[in-house]
Each structure stands twice: as structure tokens, then as C-alpha cells.
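> Next up is a structure, given as C-alpha cells.
The values are calculated or read from the model by the stated rules, or taken from the named source; none is laboratory data. It should be emphasised that the depicted structure is a prediction, and the values quoted were computed from it without experimental measurement. Cβ placement follows ideal geometry from the backbone for every residue including glycine, while neighbour counts extend to all protein chains displayed. Surface accessibility is based on the protein's heavy atoms, side chains included, excluding ligands, DNA and RNA. Shrake-Rupley method; radii C 1.70, N 1.55, O 1.52, S 1.80 Å.
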Amino acid sequence: MTSRHLTAGYSAAQIREAERPLLDAGVPLMARAAAGLAAVVREVLSARPSGTARLVVLAGSGSNGGDALLAAAELLGDGCTAVVVPLGGRIHEAGLAAAVAAGAEVLHPVDPEAAARIAAGADVVLDGVLGTGAASSPALRSPAREVVEGLLPVVGGDGPVVVAVDLPSGVGADDGAAPGPVLPAAVTVTFGAVKAGLLLPPGRDLAGSVHLVDIGLGPGLRGHRPLVPSGGPPGTVQVAVGS
């Protein structure tokens, strides 16, 4: 798969179709994604002025939450600390178990004010609430909406760096729509292929620097015409391709 294809923008359905044969074959896509996410977070932490490495993990019900939790478990092994804020009707059990076993704390019950206080002292906020599996409207629901609204005054500037997992939660994967509150990301780590919504406004303006982790979807995407051609529309973010 060439870099030209990698930097085109694909739909959520196209990406799920490319993933399906790999998942059926038992390829550990989530583990690949989590490892790539952890590698980018390490780069972000290395640029922070503090000697600490404190994470807040916003974990939704889907695979993005699992990616964030497994990456946090890996980073905890490096000496980071982490607080998990569960923001879905359920949580990725294996990811949560791995994070807790590695030393993560879990905020329970979820309280937006408490989450904001914890985030204010963190170095990185991992936004793993929603991803390509979100409903037709990507808008956040309670309690995620209230937590994100509470974090908006805290992040950016001298506050924690927001690293979005696959795409900023609340941004439409296919069209970049943002009908509700979104945590603006400094970095978005996306997996397999760039989602079209990361190349279209307003999503592209909320994504920050986009890093693509190649998890092996190339063969499955070659027969698909991307929603956004390579290079995207004027003003499209630059995409860094890694493994």
C-alpha cells in the first residue's frame, strides 16, 4: 500500500470491510493499534517539560476505548500513572483489566468536576470515547458530553495534551461533522487508514497533527475509491505515516 493511498480519506464502512478478513483470521488489530498509539504518546510525553508522565484515559464502550486502555497499560509499564474515566454503557473488559493490573486508577462514580480536576494535573488526555462505530450522529451523550465540556477549559496551552484515538470523539468519521462539543486534539492517532472526516472541516481543524498507524489494511482497501482523494481538499492536515 503506497503512501498516496494511506493519506487518502476512507469511510468507516470501507475501513470495517477491510478489517473484517483480518479479524476473521485472528490478526491482533487492536494490539497493533494500541502499540502504535503508545509509541506516539511516548513522543508527546518526551516533549513535556515536567519529569512526570500522568495520563487521563477517557474510555468509551467501543474499540477506541479498548485501544486507549491497552496503550495506557503499556505506558504504565514505562512508569506513567493513569486515571481511567469510563464513559460508555460498558467498557472493554480486557483493556480495563490490563490497565488496572498495570496500576491504573478508575474514577468511579464518574463526576465531570472530578475529571476536570484530575485532567488539570495530567500531561496527556487520551480521548477514546467514540470512533468509527458511532451512530449516525457522532454527538457525545451523557455523561461523556458533560465530562468533555468540563475539560474544554483545562486542555491546551499549558494544560494537558489531548491525543485523540482514531479520531476526536464527536467528529463524524465520514464527513467531519461536529454537532456537539469536541475536545480539540493536538494529535490524532488513526489506525489502518485516514478517516475522511479527518480531512474535511470542521473535523480537520479539531484533529491537530494526524499520525497514521499502519495495521495492515492495505490489501483490503485497494479496491475501494476513497471519499477524499490523496492530499484532500485545500487546507487538509498533513499525515505522518508510521507503524
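> Based only on Cα atoms, what mean projected area does the convex hull of region 109-163 have, in nm²?
Convex hull of Cα atoms, orientation-averaged projection: 4.1 nm².
> Using a simple spin-label model with points 7 Å from Cα along the Cα→Cβ vector, what separation in nm is obtained for THR52 and ALA31?
Label at THR52, label at ALA31, 3.3 nm between them.
> Hey, another quick one. Counting Lys +1, Arg +1, Asp -1, Glu -1, what net charge surrounds PRO179 among other residues with beta carbon under 13 Å of its beta carbon?
Spelling it out: positives minus negatives among the neighbours equals +1.
> Considering region 33-140, what Rg and Dmax in Å follow from its alpha-carbon atoms?
13.1, 42
> Taking 7 Å along the Cα-to-C-beta vector as the label spot, tell me the GLU43-LEU152 distance in nanometres, rounded to one decimal.
2.9 nm
> Per DSSP H run of at least 4 residues, take -39500 (n - 2.57); add these up for the chain, divide by its residues and hand me the 222 nm value, nearest 500 deg cm²/dmol.
Counting only the DSSP helices, I get -9500 deg cm²/dmol.
> Note the angle between two axes, namely the Cα long axis of helix 12-24 and the longest principal axis of the Cα atoms of the chain, as a number of degrees from 0 to 90, rounded to the nearest 10.
Its long axis makes an angle of about 80 degrees.
> If you consider only alpha-carbon coordinates, what radius of gyration and Dmax does region 1-90 have, in Å?
15.4, 44
> Report, to the nearest whole %, how much of the accessible area of region 142-205 belongs to carbon and sulfur atoms, 1.4 Å probe, protein only.
Answer for region 142-205 is 52 percent, counting heavy atoms of protein chains only.
> Using alpha carbon coordinates only, what is the Rg to Rh ratio of the chain, with Rh defined as the Kirkwood radius?
Checking Rg against Rh, the ratio lands at 0.94.
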